[in-house]
Amino acid sequence: MTDAAIIVQRPAGQRRWSEGLTASALIGPATIFIAVCLLAPLAILLRYSLNDFVPAKKMMVEAVTIANYVKFFTDPYYTTILGTTVRIAVTVTVACLIIGFPLAYVVARTQSRFKHLLIIAIVLPLFVGNAVRAAGWMVVFGSKGFFNSALMGLGLITTPFEIMFTEKAVIIGIIAVNLPFMVLSLQSVIESIDRAVEEAAFSLGAPPLTMFRRVLWPLALPGILAGTILTFILAMNAYATPFLLGGPLFKMMAPVIYNEFTQKTNWPFGAAIAFILMAVTLSLTVAANLLLQRRAAATR
């Protein structure tokens, strides 16, 4: 007598419940970790932002007030800093997209055996901290730095350019920090686009610009959205680069928040600025990407 294998199939409802239980077990630890390490501190920080601050005693008084938020939006000093931060973040994001798209396209389409070296060259700057890279730019941009010394040595200028402690230096420094994120986001998506699609557009008589606008851009939109979101968020929250390259007179939101917490010890106002920065960043990110998706859909 032979043994027969008996296969018992569970009901569909029980199978779905089991799959849901497995999924919950997999994402449960990560969810708990995020809730404890991210959401809980944010909730505490939100509570701090509603407290009062006594300047004479440099202490926080428990209360429930929106005075800190009102102070921020009624003071031109802080609203100007917010506007500067948004302007620089938008400029950096657009510059990274313009510079990064051709580079990502070349890396994605190259068939050379040295392709991995190109990717390593893009990723390599990420192994160095932002403060170290900003210090390197300080050496380049100084009045006696590499840039001015090279131009003066070639006889192109007689007096050094004032680049350090300016908005231009901050923008260049943040672009250098964020560009690898944009390139990597675009390169992975462009690689998944079949080259035959581009060749078909060319065979139908489309010039390169039309092919880019009608074919490559819509297909690469997921990478564009991911790259712009990541770059914009990083630029809005940049600290080391504007602090070191902008100098004490140049202000962006992240250094101001740090200053409120450490030097002024005004935790309620610092917490309010942090939440304003987070809200503005998320709002502008969602609005910009919705607009980008609509324009891409209109070109199809």
Exercise. Are any residues in segment 131-190 within 19 Å of P242 (Cβ to Cβ) and of a type in the set (D, E, K, R), and if so, which ones?
Worked result: R133, E162, E167, K168
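I need the full set of residues from segment 153-177 which are in contact (Cβ under 8 Å) with a residue 12 or more places away in the chain and of a type in the set (G, A, S), in order please.
Taking segment 153-177 first, the residues in contact (Cβ under 8 Å) with a residue 12 or more places away in the chain are 160-167, 169-177.
Within segment 153-177, A169, G173, A176 meet the criteria.
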Exercise. Restricting attention to segment 111-121, does a residue exist that is in a loop (DSSP other than H, G, I, E, B), surrounded by fewer than 19 Cβ atoms within 10 Å (Cβ to Cβ), charged (D, E, K, R) and free of Cβ contacts under 8 Å to residues at least 12 places away in the same chain?
Worked result: yes
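Please find, among A201, A279, the residue that is under 22 Å from S49 (Cα atoms) and either surrounded by fewer than 20 Cβ atoms within 10 Å (Cβ to Cβ) or among the charged types (D, E, K, R) (or both).
On the way: A201 fails: under 22 Å from S49 (Cα atoms).
Residue meeting the stated conditions: A279.
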Exercise. Which members of segment 178-216 meet the condition of being of a type in the set (F, W, Y) and either touching a Lys or Arg at 6+ places or on another chain (Cβ under 8 Å) or modelled with pLDDT of 90 or more (or both)?
Worked result: F181, F212
Exercise. Touching a residue at least 40 places away in the same chain (Cβ under 8 Å) and among the charged types (D, E, K, R), is that true of R133?
Worked result: yes
Exercise. Which one of these is assigned to a helix (DSSP H, G or I) and at pLDDT below 95: C37, C96?
Worked result: C37
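Within segment 233-254, can you find the residues that are under 20 Å from G136 (Cα atoms) and either hydrophobic (A, V, I, L, M, F, W, C) or surrounded by 21 or more Cβ atoms within 10 Å (Cβ to Cβ) (or both)? If you could, list the steps in order and put the result at the bottom.
The first filter runs over segment 233-254 and keeps only residues under 20 Å from G136 (Cα atoms), leaving 234-235, 238-248, 250.
Correct list: L234, A235, A238, A240, T241, P242, F243, L244, L245, G246, F250.
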Exercise. Does L216 count as in contact with a Leu (Cβ under 8 Å, 6 or more places away or on another chain), over 25 Å from V140 (Cβ atoms) and surrounded by 14 or more Cβ atoms within 10 Å (Cβ to Cβ)?
Worked result: no
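Residues of segment 60-72 being in contact (Cβ under 8 Å) with a residue 60 or more places away in the chain and more than 15 Å from I257 (Cβ to Cβ), which ones?
So the first thing to find is which residues in segment 60-72 are in contact (Cβ under 8 Å) with a residue 60 or more places away in the chain, and the list is 60, 68-69, 71-72.
Scanning segment 60-72 gives a single hit, M60.
A quick yes/no check of all residues on (1) within 28 Å of L249 (Cα to Cα); (2) in a helix (DSSP H, G or I):
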{"residue": "R133", "(1), (2)": "yes, yes"}
{"residue": "W137", "(1), (2)": "yes, yes"}
{"residue": "F147", "(1), (2)": "yes, yes"}
{"residue": "F165", "(1), (2)": "yes, no"}
{"residue": "K168", "(1), (2)": "yes, yes"}
{"residue": "A201", "(1), (2)": "no, yes"}
Exercise. Any residue in segment 127-135 that is in contact with a Gly (Cβ under 7 Å, 6 or more places away or on another chain), hydrophobic (A, V, I, L, M, F, W, C) and either surrounded by fewer than 14 Cβ atoms within 10 Å (Cβ to Cβ) or farther than 30 Å from S185 by Cα (or both)?
Worked result: no
Seminar exercise, completed: Of (1) in contact (Cβ under 8 Å) with a residue 12 or more places away in the chain; (2) loosely packed, with under 11 Cβ neighbours inside 10 Å; (3) of a type outside the set (A, V, I, L, M), C96 satisfies every one except (2)
Exercise. Among (1) modelled with pLDDT under 90; (2) under 20 Å from the mean Cα position of the chain (by Cα), which single condition is V139 missing?
Worked result: (2)
Seminar exercise, completed: All-but-one check, K251 against (1) modelled with pLDDT of 90 or more; (2) among the basic types (K, R); (3) over 21 Å from the mean Cα position of the chain (by Cα), failing number (3)
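The values are calculated or read from the model by the stated rules, or taken from the named source; none is laboratory data. Here the structure is a predicted model, which is why all the values come from computation and not from measurement. No Cβ is skipped: glycine too gets one built from the backbone with ideal geometry, and neighbour counts run over all protein chains shown.
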